[in-house]
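The values are calculated or read from the model by the stated rules, or taken from the named source; none is laboratory data. A quick note: this is a predicted structure, and the numbers were derived from the prediction, not measured. Cβ placement follows ideal geometry from the backbone for every residue including glycine, while neighbour counts extend to all protein chains displayed. Accessible surface areas use protein heavy atoms only, side chains included; no ligands, DNA or RNA. Shrake-Rupley method; radii C 1.70, N 1.55, O 1.52, S 1.80 Å.
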Amino acid sequence: MNVHPLAPISDAQVDAFWHDGVACLRGLFDADWIEHLREAVEEDLAHPGPLAREYAKKGGRFLGDIGAWAVKPGLRRYVEQSPAAEIAARLLKSNKVNFLYDQLFVKEPGTAEATPWHQDGPYWPVQGNQILSIWLTLDDVTLESSGMEYILGSHRWGKEYRPVSFAGDTEMYKNLPGEAVPDFEAMRRELPVVNWDMSAGDCLVHHCMTVHGAPGNSTNDRRRRAYATRWTGDDVVFAPREGQAAITIAPPTIRPGEPLDSEVFPRLWPR
Ligand SMILES: O=C(O)CCC(=O)C(=O)O
């Protein structure tokens, strides 16, 4: 399995990430990583971790498993040994990166539930600008099978939207600050919404304040398995807020205002 990205990440791709808030990077992981993660995902689907949630109410399956890397050796191997940490450091223009947490998103065929429009940052107990996710797809994906959609440049709007529950629980985050997420679905024609047809092994890298969502998986035969890992850079400190949901199985051991370096949020770059 490759340790470094299979292709160099150009300055233009780094600039596009910072300008648009998202970049689609293709062919950085070899086929062995994809096969390795597919096996780890099947294991997780059969035995989800302690913070896993099921979001589908009307058929299909939409599993979100949070922080499972800490208890699943197959996921941990990807976190610690794949090119992901190096990709994050390059995109974040950061000397070091810490691993924040992981989230597995499996949306099986025939799952009507959309992923609601949201920003990631307001869910997380961190403050800083060098924060991104690497959403790696383990299946070929199109909009029809729940490809991700992004609003270009929305990370630069200076807006912070209150988290929304993927399960539709309107009470869950009501005490967190931020504006209610506008009805972007109704406004989408006026907004620079983008998505990409992707092949298994391609990844989307998005900034933590970029607004994104996804439709349901309306196909009847195409799985949509994605593994998102969240990474932070030099300028990030711990900043928990009352009312946020846990992102790690073990509680953080650091105090507000401190850098993340700790067993719960390991520094994984430089290696
Ligand atoms: O895969 C999905 O449906 C949601 C992904 C997402 O929102 C994220 O990775 O931040």
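For the stretch 151-181: of the residues being within 24 Å of Ala56 (Cα to Cα), of a type in the set (Val, Ile, Thr) and open to solvent by less than 60 Å² (accessible area, probe 1.4 Å), which is nearest to the chain's Cα centre (by Cα)?
Among those that are within 24 Å of Ala56 (Cα to Cα), of a type in the set (Val, Ile, Thr) and open to solvent by less than 60 Å² (accessible area, probe 1.4 Å), it is Val164.
Taking the criterion of being over 15 Å from the mean Cα position of the chain (by Cα), surrounded by fewer than 19 Cβ atoms within 10 Å (Cβ to Cβ) and closer than 14 Å to Thr115 by Cβ, would at least one residue in the stretch 196-208 satisfy it?
no
Answer yes or no as to whether Gly49 is in contact with a helix residue (DSSP H, G or I) (Cβ under 6 Å, 6 or more places away or on another chain), under 23 Å from Ala214 (Cβ atoms) and assigned to a loop (DSSP other than H, G, I, E, B).
Here the answer is yes, as Gly49 does meet what is asked.
Only residues in the stretch 167-184 that are within 14 Å of Arg241 (Cβ to Cβ) count as the first member; pair them with residues that are of a type in the set (S, T, N, Q), Cβ under 6 angstrom, at least 6 apart or cross-chain, and list the lot.
Pairs found: Met172/Ser165.
Could you please tell me which pairs satisfy a Cβ distance under 6 Å, a separation of 6+ or placement on different chains, a first residue in the stretch 224-235 that is within 12 Å of the ligand (Cβ to nearest atom) and among the polar types (S, T, N, Q), and a second residue that is at pLDDT 95 or above and open to solvent by less than 10 Å² (accessible area, probe 1.4 Å)?
Thr229/Ala84; Thr229/Asp102; Thr229/Ile134
Mind counting the residues in the stretch 207-221 that are more than 9 Å from the ligand (Cβ to nearest atom) and part of a strand (DSSP E or B)?
Looking only at that region, the number is 2.
Go through Pro109, Pro83, Pro125, Pro73 for me and flag whichever is out of contact with any Asp or Glu (no Cβ under 8 Å at 6 or more places or on another chain) and within 16 Å of the ligand (Cβ to nearest atom).
Pro125
Answer yes or no as to whether Gly153 is over 30 Å from Val264 (Cβ atoms), at pLDDT 95 or above and out of contact with any strand residue (DSSP E or B) (no Cβ under 8 Å at 6 or more places or on another chain).
yes
Return yes when Ala200 is more than 10 Å from the ligand (Cβ to nearest atom) and at pLDDT 95 or above and no when it is not.
Spelling it out, Ala200 is indeed more than 10 Å from the ligand (Cβ to nearest atom) and at pLDDT 95 or above.
Quick check on the stretch 222-271: of everything there that is assigned to a loop (DSSP other than H, G, I, E, B) and among the β-branched types (Val, Ile, Thr), which residue is surrounded by the fewest Cβ atoms within 10 Å (Cβ to Cβ)?
Filtering first and then ranking leaves Thr253.
If only one of Ala180, Ala167 is among the aliphatic types (A, V, I, L, M) and within 22 Å of Asp65 (Cα to Cα), which one is it?
Only one candidate qualifies: Ala167.
Scan the stretch 176-194 and give yes if some residue there is closer than 15 Å to Ile134 by Cα and hydrophobic (A, V, I, L, M, F, W, C), otherwise no.
no
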